[in-house]
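Here's the structure, in structure tokens; my notes come after.
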Amino acid sequence: MVLKYRVSLPGIKGFARVYEVNANSTLYSFHKQMRADMDFPQDQMVLFKAVDKDGNALSRYGIFDLGAGTIDSVTLAQTLKKGEDRFIYFYDTTNAKSVIVTYEGEAEAQPGAVYPMLVETKGPNPIEFENGYVAFEDLPDDKKKAPEEDWSDEDDDDDDDTKGDDDTEEIYDENEGDDE
């Protein structure tokens, strides 16, 4: 069985990643794929925190057993069986940097596909949002309008017009191309 998960950033419409993951994949294999695809730091402790719709913690899965199992022993199917369909995935626990991972349903298995697999991408990686990137969808409405500009053709030099070219004289070298 193949499961579909959406990765998002809280409050940001301009970012999303959608993954298809084998139900028997561990949280660790899913973590490795997300880390590679989104350029998360490799030297950080990670944590999957299962949360309910109100954001209350249900379970915590880390490299060390935090009471619910380790990320290399718990599968996505096991978390779904427990009713855990939403996670806050901390890719940098030291700085509390995270994304939201939400179960979206089952996907059709593709013959020969290697899972986990990134199937949809929207926006740059999360680090870009930390560096000040703002997606168009996230701009306030008054900032989405193009600035009023004069789009007339009056003084454009990149036109292909011939106005004013009458006094141009072409000069030819009669001996050009002769090899003497």
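Bear in mind that the values in this text are calculations on the coordinates, not laboratory data. Because the structure is a prediction, the values reported are computed rather than measured. Here Cβ is always computed from backbone atoms with ideal geometry, including for glycine, and neighbour counts include all displayed protein chains.
When the dipole is taken about the Cα centre of region 2-138, and only Lys, Arg (+1) and Asp, Glu (-1) are charged at their Cβ, what size is it in debye, to the nearest 20?
Approximately 240 debye in magnitude.
Radius of gyration and Dmax for region 1-72's Cα atoms, expressed in Å?
Cα only, region 1-72: 12.9, 35 Å (Rg, Dmax).
What does the extension gain come out to for Lys82 and Gln42, with contour length at 0.36 nm per residue minus their alpha carbon separation?
Full extension of this stretch gives 11.5 nm more.
Take the Cα gyration tensor of region 2-138, multiply each eigenvalue by 5, square-root it, and list the three semi-axes largest first, rounded to whole angstrom.
Ellipsoid half-lengths, sorted descending, are 22, 19, 14 Å.
For Ala16 and Met1, calculate 0.36 nm times their separation in residues minus their Cα-Cα distance, and state this gained length in nm to one decimal.
So the extension gain works out to 3.1 nm.
Which of the pairs Lys32/Lys81; Lys53/Lys82; Lys81/Lys122; Lys13/Lys49 have their Cα atoms more than 19 Å apart in this structure?
From the list (Lys32/Lys81; Lys53/Lys82; Lys81/Lys122; Lys13/Lys49), the Cα-Cα distance tops 19 Å for Lys32/Lys81; Lys81/Lys122; Lys13/Lys49.
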